[in-house]
1. The range 31-404: percent of C-alpha pairs farther apart than 37 Å?
2. Within the set of other residues whose C-beta is less than 15 Å from the C-beta of Pro317, count the net charge using Lys and Arg as +1 and Asp and Glu as -1.
3. So what is the calculated 222 nm ellipticity per residue for the chain, using -39500 (n - 2.57) for each DSSP H run with n of 4 or more, over all residues, to the nearest 500 deg cm²/dmol?
4. Dipole magnitude of the range 247-349 about its Cα centre, charges +1 at Lys/Arg Cβ and -1 at Asp/Glu Cβ only, in debye to the nearest 20?
5. Among Gln126, Thr385, Ser163, whose Cα sits farthest toward the positive end of the charge dipole of the chain (+1 at Cβ of Lys/Arg, -1 at Cβ of Asp/Glu, about the Cα centre)?
6. Taking the range 186-286, which trypsin sites (Lys or Arg not before Pro) meet the DSSP loop condition and have no more than 12 other C-beta atoms within 10 Å?
7. In what sequence, highest mean first, do 315-328, 134-147 appear when ranked by Cβ atoms within 10 angstrom?
8. Excluding Ala116 itself, calculate the net charge of residues whose Cβ lies under 11 Å from the Cβ of Ala116, where each Lys or Arg counts +1 and each Asp or Glu counts -1.
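All of the numbers you see were taken from the coordinates with simple rules; none came from a lab. What you see is a predicted model, and the numbers here were worked out from it, not measured in a lab. When we count neighbours, we look across all protein chains shown, and the Cβ atoms used for this are built from the backbone with ideal geometry, even at glycine.
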Amino acid sequence: MSAGDGRGTAAVRESPVAAVRAAMAARTARQQPSWPDQAALDRVESELADLPALTTEDEVVDLARGMALVAEGAGLLLQGGDCAERFHEAVLDVIRHKVDHLQGLAAMMRAGSGLAAVAVGRLAGQYGKPRSSPFEPDPDEAGRMMASYCGDAVNDPAPDPVSRVPDPRRLRTAYDCSQIVLREVRRSWYGKPLQERVYVAHEMLLVPYERPLVRAGVRGAFSAATHFGWIGERTRELDGAHLALATGVHNPVGVKVGPTASPDDVVALTRALNPDGIPGRLSLIVRHGAKDVERLLPPLVSAVARHGAPVVWLCDPMHGNGIKLHGVKTRLMDAMLAEVAAFARVLTAHGQRPAGLHLELTPDPVTECVSSRVTEPSFPDYRSTCDPRLNPEQSATLIAHFLDR
Ligand code: PEP
Ligand code: MN
């Protein structure tokens, strides 16, 4: 039935973009903040729908070609960046520092493997965070609770109830900051071959931000909010709004896979997200934790190989290895190194390729993750407002370990 035949239902008349937006609106979205003012939120969403696309379809297609190389065994993927980007870091020096660092780590992967290395930053949109609890105790008043920090696109991390009230205007600021970051990312492309570019990625989480940035391309709807988008561990249910977004856009996409994912879940995800079997379209980002990966990953890999669609297998050694030491959120290097090695062993044993890493990292010399050998860990330079990141030396250690496993 062609568009405009004048008799169809809304779904028939809709453009691909309207269809994706409608599918998102019709489904339940988990992990959305309790926005205090629905009218203001709706206004921001319409405003975002009228603003220019942040990314272009050509850029998305270029990354899709790089992802196809990764899927075919000619390349490795490095995804990395902050757990939560900050608005005040959308300034030239900071962005340049992050991009240079990612390029350096990708060059290390290239040199160490003899393969192409595709670098994708957690950048230009990593402003929304899912949380295990929507509230946390207010440090200033015993017994009082305040909203958890949900990323700069939602609220301010300062630990007081007023700062933590979600503000829809922040979604517009997230767009503006992402645009600044992307401008600098593109500037870093000049004079570089296509394979040495850094692309951008974020968790596609906040529906009123993602939905208006679904745009029309020549090849169908795509997310003009990013090059690569992933769906988090907490929002990957098959009938949810986030899956409707990821299935409806043609960008390369990823899904986090943690301990609660069954083989059937994962097979269903691969079929929903890669029905045409396009190499590189879908990455599964495994984050089981060092203790469980050797036990939980084999049945997933077998099931996908037998019944699923083609996927790129990535290891996120961060999110299954979080611990608290002296009240501080951290991760032990030894656990992360063990998860990377076990991940690679399992994939290789099943005749599949460990295709790369998804890391939380920073170019700054922070102490947020620590070696397990430290008996009295201290955190002299802890800056993350969310999860602990690797410093440059720690990132290089993990990548080297991945390469010579
Ligand atoms: C993250 O990548 O910061 C994150 C929240 O991951 P996950 O969805 O795997 O918990
Ligand atoms: Mn994180």
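1. It works out to 14 percent of all Cα pairs.
2. -1
3. -11500 deg cm²/dmol
4. 180
5. Gln126
6. Those that pass, being in a loop and sparsely packed, are Arg219.
7. Per-residue mean Cβ counts within 10 Å order the peptides as 315-328, 134-147.
8. With Lys, Arg at +1 and Asp, Glu at -1, the net is 0.
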